[in-house]
Amino acid sequence: MSKILINGGKKLNGAVRLQGAKNSVLPILAATVLIRGESVIHNCPSLSDVEAALKILRHLGAEVTRQNDSIVVNSSNLSGFTIPDELMREMRSSIVFLGAIAARMQKAVLSSPGGCELGPRPIDLHLESLSELGLHITEEGGKLNCSAENGLTGSNIHLSFPSVGATENIILAAVTAMGTTVIHGAAREPEISDLADFLNRAGANVQGAGSDTIVISGVIKLHPTEHTVIPDRIEAATYLAATAATGGKITLLGAIPAHITPVMKALETSGCEIRVNNREVSLIAPVSLKRVPVIRTLPHPGFPTDAGSPLMAMLTVAEGSSMFVENIFENRFRIVDELKRFGAKIYTNGRVAVIEGVKKLTGATVECTDLRGGAALVIAALVAQGETQIDKIFHLDRGYERLTENLTGLGALIERC
Ligand code: EPZ
């Protein structure tokens, strides 16, 4: 099993070009199920989650090829409508394929996605919403059997929580449905807008993405198109937090500053100097980080839950105490026990975590519990004195392309073995 070894204590210094957003590529790949013909998606990172999505497309009968960071998908001869159990288990967010498969094939069979490291991850909002569009869903033996013999029909949908995945699933089901669908209480994440941009380029009519009310007017069919995926805002937050923690300076290339406003605000509160220049974001760390009194994770445009773990790692060596209130995933603090192995002082109670800054961290042997928790361990290891060994790094491979190469380029003593 691969592991990462880090000798900490080096300031990060340099520049990194951001990868395409994992959480944008996935729903856009699902959208290609709706398109007969060859679509090209640029700026696709090489990640295990992206590979899992390509496996699903091939399983459905799409022709898929990768040319560097561009993926070409031709779903003209799509014939499948099932997602096998092993692929659903491999990536829980495969559920986002349901709306597109149901719209294209008028049926779909997939296994209920299990929970994940972050908690049960229910899909009730997905299923309720797709049912309102006319998808008949029965569950037996862990399988979801879905059918819509007469196709899908637009409807007024009210989401009780602005679920990112449920919003994406509704959009994907509604773009070729009969009539108009309105999503009230929609998620506002930038990845939703990126999906809408892709679909509208392909001939769909999706209005209001990025707001909490999205109107989708069904069209007869979509046509092939070309699209470049937005940069990964959580990768951006991760490198900024790592640089802040090690007292260095960094320039992120290809960023969209507006996507990381709450993260930049928290970093400035901790004493970092942030400069924005069009598609570049630069950070200069202070000699000593200050506390951030409270960080509340919220749906966009609030502070993103996925940036919580990296910033928690950074704040373990700040002066004073910082507090996190996690409002999205119940198991987000699973990584805390591993962070404590470095000598971090973190106290959790339910969805609240208090971090009492310490003067130094010491290298340890730790293991990733989830994707962003793994990023937190890397950051702690970069700060810690001595050597750290990080196991179960397959979690990191789900969301960070070229992690060891990028960090080596920034001056870190890191190797994968
Ligand atoms: C997306 O997950 C992202 N994943 C997550 O990123 C991200 O943390 C999350 O949105 C929040 O921003 C992808 O886009 C692939 P949700 P998703 O539906 O769609 C509850 C990463 O690290 N909920 O907005 O699964 C759910 O349990 C990943 O890149 C229901 O109760 O998030 C959770 O508590 C981690 N019922 C909350 O809503 C439902 O039907 C947020 O879930 C759906 C969700």
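The values are calculated or read from the model by the stated rules, or taken from the named source; none is laboratory data. The model shown is predicted, which means the values in this text are computed figures rather than measured ones. Please note: Cβ atoms are built from the backbone with ideal geometry, for glycine as well, and neighbour counts cover all protein chains shown. Ligands, DNA and RNA are excluded from the accessible area calculation, which covers all protein heavy atoms including side chains. Shrake-Rupley method; radii C 1.70, N 1.55, O 1.52, S 1.80 Å.
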**OP:** Confirm whether Ile220 is open to solvent by less than 30 Å² (accessible area, probe 1.4 Å) and either among the aliphatic types (A, V, I, L, M) or in contact with a Phe, Trp or Tyr (Cβ under 7 Å, 6 or more places away or on another chain) (or both).
**Re:** no
Subject >> Looking only at the stretch 54-83, and only at residues there that are small (Gly, Ala, Ser) and under 19 Å from Phe198 (Cβ atoms), the one that is most open to solvent (accessible area, probe 1.4 Å) >> reply: Ser76
Original post:
Which of (1) within 16 Å of the ligand (Cβ to nearest atom); (2) touching a Cys at 6+ places or on another chain (Cβ under 6 Å) is the odd one out, the single condition Ala236 does not satisfy?
Top reply: (2)
Subject >> Only listed residue being within 19 Å of Ile123 (Cβ to Cβ), within 15 Å of the ligand (Cβ to nearest atom) and either at pLDDT below 95 or open to solvent by 20 Å² or more (accessible area, probe 1.4 Å) (or both), chosen from Glu86, Glu51, Glu90 >> reply: Glu90
Original post:
Do any residues in the stretch 395-410 that are more than 17 Å from Asn68 (Cα to Cα) have Cβ atoms under 6 Å from those of residues that are open to solvent by 50 Å² or more (accessible area, probe 1.4 Å), where the two are at least six apart or on different chains, and which pairs are they?
Top reply: Thr404/Arg416
Original post:
Which strands (runs of 3 or more DSSP E) does the stretch 232-337 wholly contain that include 2 or more residues that are under 19 Å from Ala381 (Cα atoms) and either open to solvent by 20 Å² or more (accessible area, probe 1.4 Å) or not acidic (Asp, Glu) (or both)?
Top reply: 249-253
Original post:
With respect to the numbered conditions (1) more than 16 Å from the ligand (Cβ to nearest atom); (2) of a type in the set (S, T, N, Q); (3) in contact with a strand residue (DSSP E or B) (Cβ under 9 Å, 6 or more places away or on another chain); (4) not assigned by TED's automatic domain parsing to the domain that holds Glu280, which one is the sole condition not fulfilled by Asn13?
Top reply: (4)
